[in-house]
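Okay, structure first, notes after.
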Amino acid sequence: MPTFDYRCGSCGAEFEEWVKVADTSVPCPECGAAEAERQLSIPIVHSSTTRAKSMRAAKRRDDRKQYENMKVRMEYEADHDD
Ligand SMILES: [Zn+2]
């Protein structure tokens with residue numbers, strides 16, 4: 001079963017949900033907002049913590065293309081770390 005990353009439009013909480021259907025909307029576990037926005041792509045990250053989290057998420061989704069894109073982005077950021 002795939003997992004999807006969601007971001008609450010109300011409180012900004014980010015979380016993952018296992019859903020059977022890709023367009024299923026889920027309530028926010030933090031504030032209970034009725035609908036959280038599914039993240040369609042890996043967001044641009046700047047901290048090593050969120051970067052590692054995104055890497056793990058990419059691996060877990062087993063999306064090789066997204067994973068490769070993340071690797072390229074990380075290498076770029078490593079070379080342009082200002
Ligand atoms: Zn929320």
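The values are calculated or read from the model by the stated rules, or taken from the named source; none is laboratory data. Computed from a prediction, not measured in an experiment: that's the story for all the values here. Glycine gets a Cβ as well: all are built from the backbone with ideal geometry, and neighbour counts include every protein chain shown. Note: accessible area is taken over every heavy atom of the protein model, side chains too, but ligands, DNA and RNA are not part of it. Shrake-Rupley method; radii C 1.70, N 1.55, O 1.52, S 1.80 Å.
Tabulated data
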read-out: Candidate lysines for bridging to Lys53, where Cα separation is under 20 Å - those fewer than 8 sequence places away on the same chain excluded; value: Lys65, Lys71
read-out: Local electrostatic count at Gln39 - Lys and Arg +1, Asp and Glu -1, tallied over other residues with Cβ under 10 Å; value: -2
read-out: Rounded to the nearest 10 Å², the accessible area of Ser25 at probe 1.4 Å; value: 60 Å²
